[in-house]
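One structure is given below, encoded as structure tokens.
The values are calculated or read from the model by the stated rules, or taken from the named source; none is laboratory data. Quick caveat: nothing in here was measured; it's all calculated off a predicted structure. Neighbour counts run over all protein chains shown; Cβ positions are idealised from the backbone, glycine included. The area values use the complete protein model at the heavy-atom level, side chains included, leaving out ligands, DNA and RNA. Shrake-Rupley method; radii C 1.70, N 1.55, O 1.52, S 1.80 Å.
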Amino acid sequence: MTASYTRTKISDSIGYTSILDSKFKTNTIKVRFLQSLCPDKASAYALAGSLLATSNKNLPTLAVMSKKMSMLYGANISLSVSKQGDLQVITMTISAIDDKYALNGEPVLNEILQVLLDCIFNPNAENNAFDRTMFNVKQKDLLDTIDAEINNKRGYVIQQASKTIFKDEPASYSCYGTKEQVLNLTPENVYSAYKEMLNKSMIEIYFVGASPKPFVEEAFKKAFSSYEREAVPVSFRTESKVKETPVTVTEKLPVNQCKMVLGFKVSDKNLYAVKMMNLIYGQTPFSKLFANVREKLSLCYYCASNYIESKYTMMVDSGVEKENIEKAKTEILHQLDEVKAGNFTDEEIENARMSALNSVKGIGDTPSSYVSWHFTGISRGKFNTIEEEAEAYKNVTREEIIKAANSVKLDTIYIMEQEDSENE
Amino acid sequence: MSETTKKIISCPQTGDKYTYVKHKSGLDILICEMEGFSTTEALFGTKYGSINTQFKTDKDDDYCCVPEGIAHFLEHKLFENEDCDVFDLYAKTGANANAFTSFDKTCYLFSCSDHYQESLKILLSFVQSPYFTPESVAKEQGIIGQEIKMCDDDPGWRVLFNMLSGLYHNHPVKIDIAGTVESIAEITDKLLYRCYNTFYNLHNMVLAVAGNCKEDEVLAIADELLKPCEDFHLETVFPDEPDTIVREQTVEFAPVGVPLFNLGFKCTPRKGYENLKAEMEAYVAVNVLANSASPLYQEMLEEGLINTVFTTDIFNGDGFFTVIFDGESENPEEVKKRVIGEIEKAKITGLDEERFEAVRRSAYGNMVQSFNNVNSVANHLINSQMNGVSIFDTIDVLSKMTLEDANNFLRTELHPEKATLSIVKNNSEVK
């Protein structure tokens, strides 16, 4: 079994990474468009991306596209829109089983590559406007997605808290834009957004498969060769200033459980020390938050911390009874003070390290974790091998962890509170 | 006591294989060595889930009834040893540990990329060492109470359970896996021991290990740590379930976006290979009828009646079998009408042959893809074994299935009078 990777440049603003690992039975291609999360444009870009992944000139409806994918042994085409720091990240993914598993010897990879290229370069559009029927379908989808953010309460409160934590920064906006913006979109202005994305976004392309397939890279080179791109560089890391005094925001909703998010800004830039601090404090089931807020005081089912590398920010989110909100908050902050004071054992450090190493060593086991790993390298501006990454965790000292903890400052407290319900 | 026996099970189409071991202790063990992978995943599970609320063994005179949510409660409590929390043990190996309780099983698992033998020892040891006290039970009631409330705020969860209570009169599948704040208040340490001693018998359990592992290493640990136990012939029973449904529609109000719906059809439950065969026939039939390549889907989508969240699912187990159409719509009643209309039409004309082929191919491709992933192999192994089939039986069933089999499922199982519609929407909804 072998695993290797190479990154080449198709142009100044288009990277092509090939990740080869002979154990995989599938081929995966991802095309990632990166741009600053701009509130005026986010919804147009999101809608353009989702239109591209639904149909193209040769497969002009979702039905024919889906049938084509089924005939290619359940090939999958999908689009994801997400936020990473101040960036809007739009990723189109296509994957399918390798040709050797095709029952009738079909060239599956070649076929999916063609579908993907058609989706990006030959969209279902006429006269500089997307097809009206597909536009209507995907516009409704996007509106419904925005409306449905509230269905997942844990994700919803994090998005709501981000509005205050990252106030006046791109990271405070939704990666889908707002309903009003989506309603103002037309097949024409979304088509312009598509053209803009193709010309101005930074692009990273990934291929993950069992053996080298140089024709994939060649195909992208050829497809992009006719484009005069003027890509706008993006910054993957932006620091968010801590507020002078922490701000508390409360929202009332007819829910059964209250939720609380605490946002902290972390000024220490020693990445691995901060990550180790976060593991000890609240990211694992043997962390201080789990052991105390959940197991000792039984206040919560979940109460966990998470470090957002791209914004140097840490969040703690929890679900809690209304009358226990103060108690939970006090304990969450108290546990942070414990880490700041160095009240953790060498065993806790070792455990955090073991947990970090465990995650690092498993990176090569799925195509998607491989890709996110390589993308992390791009966004850090430095690519570590898995061994180098493991080494970096091993070198973190107790003093560095304490120093990292002492650079953590509370910025925002967001609470979703139970409203007195009328229909109970 | 009998000796340990082994059998290699392989798939001619994909070349994948795994080993089935009937361990001398009574435990079924499945091991799939996956070359090139760094991760090991192990699941140790018992055929005991939220639906097993009535049971007896050779040692009992009569059937015992236990509070709703006790299987899940037991799962939480098993994580506490007499002297420490199980997470603290795993912390030393770096493994990522967890557990889950479903309708018909409870599984304890870990995944790791180093020291898997140490983690496997922890797994086998703690699951075989219960320790419950009145104090620790009381403490857990607070934590699980919050878990229940979290699920109560999940509209996807609510819409599913309301659908199930619309279909099932008595079968406990309609009850929330975690129970209710009231039902878990009835749980005591004694009841937990009773359930533990009944269901956590190795004859009722399965161990599945996949990924970066060695068969002989796994078996050596099994030999060392599995405590042989007597097979006392566990019987679980379910209350009689009438063929009819409970009600045609259920509506719940909650803060959501577009109203969520589950349209469920009550079908005949089956066991073992027959269950898998019916499941695959149902899967293929409803996908031909309503997946994103179907005219029905295309039409409802273009009219704005559904969005692309719309999907179908087959939900089946001991004593229940449901076909679900799941989605978001401003007018779920109309979606129900269209779906039933399409089913009735297909009963007469038969399903489209070309799309039947496409769905079958796609299902085959999905099976091949699932062998790309340690987590999915480990889960497939334990699920299949608990359902009395092999993981490769799916490919076997698919390759033998004819269009007529799918048509037949449609004609004999999907009846409009056995359909229920569950909706969760905003209270202010005045459409």
### Task
Select the helices (runs of 4 or more DSSP H) contained entirely in the range B:35-147, then report the ones holding at least 1 residues which are assigned by TED's automatic domain parsing to the domain that holds B:H203, open to solvent by 20 Å² or more (accessible area, probe 1.4 Å) and in contact with a Leu (Cβ under 9 Å, 6 or more places away or on another chain).
B:116-127
### Message
Yes or no: the range A:288-309 includes at least one residue that is more than 14 Å from chain B (Cβ to nearest Cβ) and not in a strand (DSSP E or B).
### Response
yes
### Query
Is one or more of the residues making up the range A:100-107 more than 25 Å from the chain's Cα centre (by Cα) and crowded, with 19+ Cβ neighbours inside 10 Å?
yes
### Message
Please determine whether any residue of the range A:136-153 is under 30 Å from A:G15 (Cβ atoms), open to solvent by less than 10 Å² (accessible area, probe 1.4 Å) and part of a helix (DSSP H, G or I).
### Response
no
### Message
Which residue is least open to solvent (accessible area, probe 1.4 Å), if the candidates are limited to the range A:16-42 and must be within 17 Å of the chain's Cα centre (by Cα) and of a type in the set (G, A, S)?
### Response
A:A42
#### Entry: Candidates B:A346, B:A282 - the one that is touching a strand residue (DSSP E or B) at 6+ places or on another chain (Cβ under 7 Å) and more than 7 Å from chain A (Cβ to nearest Cβ)
B:A282
### Task
Looking at (1) more than 24 Å from B:D153 (Cα to Cα); (2) open to solvent by 30 Å² or more (accessible area, probe 1.4 Å), find the lone condition where A:N324 falls short.
(1)
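Condition test on B:E217, is it more than 27 Å from the chain's Cα centre (by Cα), at pLDDT 95 or above and open to solvent by less than 70 Å² (accessible area, probe 1.4 Å)?
The answer is yes for B:E217.
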### Query
Can you name the condition, by its number, that B:K190 falls short on among (1) more than 9 Å from chain A (Cβ to nearest Cβ); (2) crowded, with 18+ Cβ neighbours inside 10 Å; (3) basic (K, R)?
(2)
### Summary
A:T330 meets each of (1) out of contact with any strand residue (DSSP E or B) (no Cβ under 9 Å at 6 or more places or on another chain); (2) touching a residue at least 12 places away in the same chain (Cβ under 8 Å); (3) more than 12 Å from every other protein chain (Cβ to nearest Cβ) with one exception, condition (2)
### Query
Name the residues in the range A:396-420 that are open to solvent by 70 Å² or more (accessible area, probe 1.4 Å) and either assigned to a helix (DSSP H, G or I) or modelled with pLDDT of 95 or more (or both), would you?
A:E399, A:K403, A:N406, A:K409
### Message
surrounded by fewer than 22 Cβ atoms within 10 Å (Cβ to Cβ) and in the same structural domain as B:S384 (by TED's automatic domain parsing): which single residue out of B:F265, B:F261, B:F320, B:F253 fits that description?
### Response
B:F253
### Query
Within the bounds of the range B:313-320, is there any residue that is closer than 28 Å to B:S390 by Cβ, polar (S, T, N, Q) and away from chain A (no Cβ under 14 Å)?
yes
### Query
What number of residues in the range A:148-157 are more than 17 Å from B:R158 (Cα to Cα) and in contact with an Asp or Glu (Cβ under 6 Å, 6 or more places away or on another chain)?
1
### Task
Would you check which residues across the range A:339-358 are surrounded by fewer than 16 Cβ atoms within 10 Å (Cβ to Cβ) and either at the interface with chain B (Cβ under 10 Å from one of its Cβ atoms) or assigned to a helix (DSSP H, G or I) (or both) and list them?
A:D346, A:E347, A:E350
### Query
Across the range B:325-353, what is the total count of residues that are in a strand (DSSP E or B) and open to solvent by less than 10 Å² (accessible area, probe 1.4 Å)?
2
### Task
Could you tell me whether B:V137 is touching a residue at least 60 places away in the same chain (Cβ under 8 Å) and farther than 26 Å from A:G155 by Cβ?
yes
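Taking into account only those residues within the range B:364-386 that are at the interface with chain A (Cβ under 7 Å from one of its Cβ atoms), in contact with a helix residue (DSSP H, G or I) (Cβ under 7 Å, 6 or more places away or on another chain) and closer than 30 Å to B:N98 by Cβ, which is surrounded by the most Cβ atoms within 10 Å (Cβ to Cβ)?
B:V374
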### Message
Quick check on my filter: what residues within the range B:284-295 are surrounded by fewer than 22 Cβ atoms within 10 Å (Cβ to Cβ) and either under 13 Å from B:T394 (Cα atoms) or touching a Leu at 6+ places or on another chain (Cβ under 7 Å) (or both)?
### Response
B:S292
### Task
Could you please find all residues in the range B:387-400 being outside any helix (DSSP H, G or I) and either out of contact with any Asp or Glu (no Cβ under 8 Å at 6 or more places or on another chain) or surrounded by fewer than 18 Cβ atoms within 10 Å (Cβ to Cβ) (or both)?
B:N387, B:G388, B:V389, B:S390, B:I391
#### Entry: Close pairs from the range A:131-151: first in the same structural domain as A:A46 (by TED's automatic domain parsing), partner open to solvent by 50 Å² or more (accessible area, probe 1.4 Å) and assigned to a helix (DSSP H, G or I), Cβ under 7 Å, at least 6 apart
A:T133/B:E302; A:V137/B:E302; A:L143/A:K179; A:I146/A:K179
### Message
Checking the structure you have, find out if any residue of the range A:113-126 is open to solvent by 30 Å² or more (accessible area, probe 1.4 Å) and more than 22 Å from A:A219 (Cα to Cα).
### Response
yes
## Note on the structure
Of all strands (runs of 3 or more DSSP E) fully inside the range A:1-103, the set with 3 or more residues that are modelled with pLDDT of 95 or more and within 14 Å of another protein chain (Cβ to nearest Cβ) is A:14-21, A:26-36, A:76-84, A:87-97
### Query
Out of the range A:328-386, which residues are among the basic types (K, R) and either more than 30 Å from A:T28 (Cβ to Cβ) or modelled with pLDDT of 95 or more (or both)?
A:K329, A:K340, A:R353
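Does A:M354 satisfy the condition of being in contact (Cβ under 8 Å) with a residue 40 or more places away in the chain and aliphatic (A, V, I, L, M)?
Spelling it out, it is not the case that A:M354 is in contact (Cβ under 8 Å) with a residue 40 or more places away in the chain and aliphatic (A, V, I, L, M).
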